[in-house]
Every structure is written in structure tokens, then in C-alpha cells.
Amino acid sequence: MILLTFRDLVYRKTRFIVVTILGAVVFALLFVMTGLVNQFNLEPAETIEQFGADQWVLPEGVSAPFTSVSVMPAAAFDAVEASRKSPVVITRSSVSQGGETEEVVLIGFEADGLGMPQVVEGRASGAEGEVVLDRSLDIDVGADITVAGAPFTVVGLTEATTVLAGIPFAYLTLADAQMLAFTSTEVISSVLVSGELAPLPPGLTSLSSDDVVAQTLQPLEGAIASIDLVRALLWIVAAIIVGAVVYLSALDRQRDFAVLKAVGAPNSSLLGSLALQAVLIALGAVALAAIIQVFLAPRFPLPVTVPARAFWQLPVLAVVMALAAGAIGMRKVLRSDPSQAFSGAGA
Amino acid sequence: MTVGPLIVSDLVVEFIHDGYAIRPLDNLSFQAQAGELVVLLGPSGCGKTTLLSCLGGILTPTSGTIRLGDVDVTAMRGKQLDAYRRDDIGFVFQAFNLIPSLTARENIAVPLTLTGHDRKESFARADELLEQVGLADRANHLPSRLSGGQMQRVAVARGLGHNPPLLLADEPTANLDHIQAEAIIRLLQGLRDDGRMIVVSTHDARLVPIADRIVHMVPPDQHEERPTHDVTFAAGESIFEQGDPADLVYVVKTGEVDVIRVLADGGEERLNHLGPDQYFGELGPFLGFPRSASVRAHTDVVLTAYSPRIFREKVLHKH
């Protein structure tokens, strides 16, 4: 059966190579789409974890710190009783360098407090006019930039500090952020809490970090659902490609199967040969796709993180899909009549 | 390898085609012994391949029996037939029907491995058979790189893979030049001499001299010339029935006849209505086909019956 399958693949190699490449392009897109959705899901969790907070204290009526405007008097900070607490400013702004402007989320933090950036290069901003940027902005340490029109010097870089599908963070001292966002040092956005939190005074509420993650993901749910739909369509396209080539193969080999049936070959062997062909095409396409996505993912405008599980889930699903898609061709084999071996011109 | 006699009794195969029944085999009977080369002789469309399909357990006849030794082939179904084909029958198909992606050696060995034989033994057997048919040096060639005669020899070798006692060959010399045909005939002779029964369907008269038994699929006296004579039929009487052997051509002298197609469900469809000086039933005798329709007297009729040759000379040429 293996020899029969292998020889047929070689005999019709042009067709199978073309189909494998077509399938690989579709599977590569599936890899990237999977990586995109994975990145959407990972992003808020990774980012919010870096604040080191268990609870986020917000004014009542504010759904989440990154998806709605949160403003509270700085004095509210004193009213919050907790094991460890830090004030934080969060607001949307922009950074400019060399005429190029990028949207960012400004984070104003207290030195040595919760929310302090975990710097991977340089150091944390500690003085007025210093800023730490997410590495995705592609601005080097030492660069002079403007934040909301004010001059700043980049002193450090962070990684994986983005929200809402890649909007990077810019960390400033609390005072700088307060002045840029509110032109006042009497206002903050939230109080980050670690450990025990006593009952809050009226007008304040708290969200767990998990709640903040969920709320931050919410605006992307429509995009994720759209990508999931595209992924489903890509699976259908892949199934059509594999199914069509298996069906064509079954049609081409109908007389071969009739001859083999006539000499007593069981249906199981012939079905096995066709099924193996479908599986080999699918696996070949997935293997090629795994290589293509390495080159494709960095060229994608949004961050893509293909999860490790995709590299075994996709082949398994592809095999199941190939067998299902090949079922029509296999039915053709089951229905091939051994008496056809007696008719017509063959090889 | 030797097997008991092959006994075919009253074999009927009837197909439904486009709503009417056709009967390529109609009460066929013959016997053959092990070590005989049986030639099924007849023109295209006379049922030779249908008979081979029945003998090979590929087609179940409408009625009648086929016995090979102690085995009633017509009583077998499903897996019994698979086993019968796998163990007792070797097939040599018309137009070779080799698998184009496999080499000559693999074309012989792969069917063996697919039917449960050991892979190593299958390839050893393939080498042995290629040696026997004189193609050892072509073992690794694809069919596309073999001549017609070479492909047919590979097909014969494939048919012999499991050393079957009965080899069925469908038109084994068709499409071959006389040199290649001679090689195949010599090969079949040798296989017969090994004690194997070989049934060959052909319209190639070159096979007749080496046959131990000839089964005429069309009665040999069908085209014997009979004198022109008049026949009379009463109204409603059958002149001939659909599926009958065709021997004579009729011209209506007086009266009228109906040409009727008998349908598969037993119903009838009137195709034509003929009167004096009109003729019918000419194509069957000319082509060697059975009657394709029934003809009945619509009124009392007098018909003149001609042999095909006389009809062609005396009637057709006048028209």
C-alpha cells in the first residue's frame, strides 16, 4: 500500500507539488491568524502582569483603566488602605521623533512603586524629562523625542508592554505624566494595590488584575471573532484543495483500483492508499507552511505569536480534515466496479 | 494448481439499458478440462467479456451456473468471491491495464502484497515471472517505456502471480502486431502445457489452431445461406423476438407487421409499423448481433425471407 501510494505521488508529482504549495500558503495563513489571535489574548495578560498589582482601585463607573478615561483626586490615594499601594496615571497620548508620530499609552509611575517599568535595556525613568518606551516603537535609548509635544529623553526600553493590539507604553515619572495628562499633580488615574485591600470609601471601586485583563481584551473581541471566521474559511479552502486533489486522484486511478479489486485486493488496502495520499499531502503542506510562516509573520503589521501548540494541533487537524475531505474520493474507490478492469484502453 | 473441470450451464446475463433489456449471454453452456486452452470466439459485443467477468467472479449472472471443480462460482458472494478471484483466477485484461505509476516488477508484485502475500516473496515471484515471460531486463521500466507486446507479457505475468489454476485472458492479442501476437500465443501455449486451464476471449482467428476447445459465442451456422422462401403468419403471431439470434431478413409481401421494443418492466413500445414492400430485420444478420426488437404480425401476413447475402444483392441494391 505504501509503495503504491508513494509511486503514485511520484508519478503525478507536478500536481501534488502544486497542491502542496497551495495548501502550504493556506496553512501558513492559518498559522499567522492563529498567532495573531494568540497574541491578542496574551498581550493584556503579559502587560498587566508587569504592573505587579493584585487590585486596581478606580472611580466608580469606570469600566477599566485602559478602555475608559479614569480620573480621581490624588487625595483618594490616602483613603485607600492596603498592604502596598501606588498611584498611577494612565492616559492615551503620542510620541514623535523625526516627524513620525506614534500613538502610545502614557503610564505615570511612582519610583520604586507598583507599576514601575521592568526595563530590559537602559534604566527606569527617575527624573523629569525622562521616558522609558516599549521596544516595539523602535526608538533607541538616548534618543530625544517629544511626548504630547514636550521634550523627553529615552532612558530605557521595555518589552511586551502594549495593549489593544500593539499600542505601546511610554513610562514617565508620576509628576510628568500628571502634568501632561491633567496639567495638575492633584489628579491620578488609579491606585495599584498589592496584598490585602481594606473596604474602599464611597465613590471608589476595585478590579482584580484578571478583570482588567478581561476588560482590556473586550474591544478586540470583534476583531478576534472576525479572524476566527477567516480561519474557518481558510480551513474550508484547505479542505477543498486536499479534497479536490484526492478526488481527481481517485478518478484518474479508477481503472487501477478496478484492476486491483478484480485480482482480489481488499477495499481497505485501496482506501488506505488514497487516505495515506491525502494525509501526506496535508502533512507536507503543513510542514512547508511552518517554514513559510517564519518569514511571513514578521512582515505582518500586527504582532504575531504562533503558540507552540499550533505546531501539533494544526497537523492533527489537517490530517482529520484531509481524511474528511478525501472521503468523496474514497467513496469513488469503494464504488469502483472490478468489471471496469475489462473495459477500455489502459496503460 | 490443477483444478477440476469448468462446467458452464444455461448461463444467462441480462442487462437493463435505456429502459430495455439486452441479453449478451443467452443460455450458454460448455465444459472445459484442466490443461485446456479454451477460445471464446465471436465478434465484438457478442458477450465474450461478459462471460469472462462471470467466470472470474466479477459479474453475477442472471441465471445458470458456473462450476469450477467442486466450487459453485455462481453461488458465491462478497468475500467468498474476493477469495476466489484472489486464489483461483488470474486475469489478463484487454489493453493490458497495467498501473502506470508502477514498474513492470511492481505491477506484478504489488497486487500480491495487497492480497496478503509477503513483500519479499512477492518481489521474488515477480522476478521469476518476468524471467519466464522474457522480460527480466525490463523489470524496472514503467509501462510507458514498454512496447505493446511487452506490456501484454507483463499483464500475463501479473495474472500468473499467485499461480492460479484458471487464467482468463481478454483479447490478449488485440492491438499487437504479428510478431508480438506470436510471442503471446507461444506464452499461452506454454502455460496451458503446465496443466493450467486458460480461457481466452478473442475475435483473432490466429488463436483458433492452438485452441483445445472453441466456444462460438455466435452460432457458427448463423450466417449459412438459406434459400429464399415465403413464410406466413397469422395476425398477432410473433415473427421473431427481441434477443433472438438473427439469421434472415424479411420483406413484407402482403399484410402489415409491428416492430416492438420490449422494455425492462415487461411493457412494450411500438417502434414502427410496416406494410407491403417494406423490409425489416436486416442489421442483426449483417452485424452478427441478436435481434434488437420483436416483430409481430399486425394482420395476416406473407413475408419473403432472405439470407443476408441474397437480400443485399437482390433487394437492397434495387432500392
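Read-outs: derived from the displayed coordinates by stated rules, not from any lab. On a predicted model such as this, the values are computed, not experimentally measured, just so you know. With ideal geometry, Cβ positions are generated from the backbone for all residues, glycine too; neighbour counts draw on all protein chains shown.
Quick notes
- In order along segment B:92-109, the Karplus-derived 3J(HN,Hα) couplings, from 6.51 cos²θ - 1.76 cosθ + 1.60 at θ = phi - 60°, round to 10, 8, 4, 6, 6, 6, 6, 7, x, 8, 9, 6, 3, 5, 6, 4, 8, 7 Hz, and Gly and Pro are given as x.
- Cα-only Debye scattering, segment A:217-298: base-10 log of I(q)/I(0) at q = 0.14, 0.17, 0.23 Å⁻¹: -0.67, -0.83, -1.11
- Förster radius 30 Å - calculated FRET efficiency between B:Ala83 and A:Arg335 (Cβ-Cβ, nearest 0.05): 0.90
- A simple charge model with +1 on the Cβ of Lys and Arg, -1 on the Cβ of Asp and Glu and nothing else charged puts the dipole of the protein assembly as shown at about 2840 debye relative to its Cα centre.
- Kirkwood radius, segment A:82-121, all distinct C-alpha pairs, inverse of mean reciprocal distance: 12.1 Å.
- Extension gain from A:Gln218 to A:Leu3, taking 0.36 nm per residue of separation minus the Cα-Cα distance: 72.1 nm
- Taken over the Cα atoms of segment A:163-255, the convex hull encloses 191 Å³ per residue.
- Averaging 1/r across all pairs of distinct Cα atoms in segment A:23-141 and inverting the result yields a Kirkwood radius of 17.1 Å.
- Projected over all directions and averaged, the alpha-carbon convex hull of segment B:105-149 occupies 3.1 nm².
- With all projection directions averaged, the alpha carbon convex hull of the protein assembly as shown covers 47.7 nm².
- Ratio of the Cα radius of gyration of segment B:172-249 to 2.2 N^0.38 Å, where N counts its residues: 1.71
- Approximate spin-label separation B:Arg186-B:Asp18, in nm, with each point projected 7 Å along Cα-to-Cβ: 4.6
- For segment A:210-347, the relative contact order comes to 45 percent (Cα pairs under 8 Å, sequence separation of at least 6).
- For peptides B:301-307, B:22-28, B:228-234, B:198-204, sequence by mean Cβ density within 10 Å, most packed first: B:198-204, B:301-307, B:22-28, B:228-234
- Förster radius 35 Å - calculated FRET efficiency between B:Asp265 and A:Ile328, Cβ distance, rounded to 0.05: 0.60
- Selection from B:Thr173, B:Ser122, B:Ile185, by position along the positive dipole direction of chain B (Cβ): B:Ser122
- Cβ-based net charge around A:Gln178, under 13 Å, with every Lys or Arg adding one and every Asp or Glu removing one: -4
- Considering all C-alpha pairs of segment B:251-304, those separated by over 12 Å amount to 64%.
- Taking all pairs of distinct alpha-carbon atoms in chain A, Kirkwood radius in angstrom: 23.9
- Both radii were evaluated on the Cα set of segment A:1-82; the Rg over Rh quotient, with Rh as the Kirkwood radius, amounts to 1.47.
- Restricted to Cα atoms, segment A:294-347 shows a radius of gyration and a Dmax of 20.9, 60 angstrom.
- Mean-position separation - Cα centroids, segment A:283-307 and segment B:258-304, in angstrom: 73
- Length gained on full extension, B:Ile179 to B:Ser9: 57.5 nm, using 0.36 nm per residue less the C-alpha separation.
- Charge dipole of segment A:96-135 (Cα centre as origin; +1 on each Lys and Arg Cβ, -1 on each Asp and Glu Cβ, all else neutral): 120 debye, rounded to the nearest 20.
- The local environment of A:Thr305, defined by Cβ-Cβ distances under 13 Å, has a net charge of -2 under the rule Lys, Arg +1 and Asp, Glu -1.
- With K and R counted +1 and D and E -1, the other residues having a Cβ less than 12 Å from that of B:Phe240 yield a net charge of -2.
- Label zone at B:Leu283, where the point sits 7 Å out along the Cα-to-Cβ direction: segment B:17-32 residues whose backbone N lies under 14 Å: none
- Computed from the C-alpha gyration tensor, the three semi-axes of the ellipsoid equivalent to segment A:142-197 are 22, 18, 11 Å, from longest to shortest.
- Sites excluded, GluC sites (Glu not before Pro) in DSSP loops with at most 10 other C-beta within 10 Å, longest stretch of chain A: A:187-347
- Largest to smallest principal axis extent of the C-alpha atoms in chain B, angstrom: 75, 41, 34
- Under the Debye formula (equal points on every Cα, no solvent term), log10 I(q)/I(0) of segment B:105-199 at q = 0.10, 0.13, 0.17, 0.18 Å⁻¹: -0.24, -0.41, -0.71, -0.80
- Between segment A:108-148 and segment A:154-225, the alpha-carbon centres lie 16 Å apart.
- Note on B:Glu237 and B:Glu128: with the Förster distance fixed at 45 Å, the Cβ-Cβ geometry gives a FRET efficiency of about 0.10.
- Tail weight of P(r) past 22 Å, computed on alpha-carbon pairs of segment B:1-75, percent: 21
- Whole-Å distance, taken between Cα centres, linking segment B:27-53 and segment B:105-134: 28
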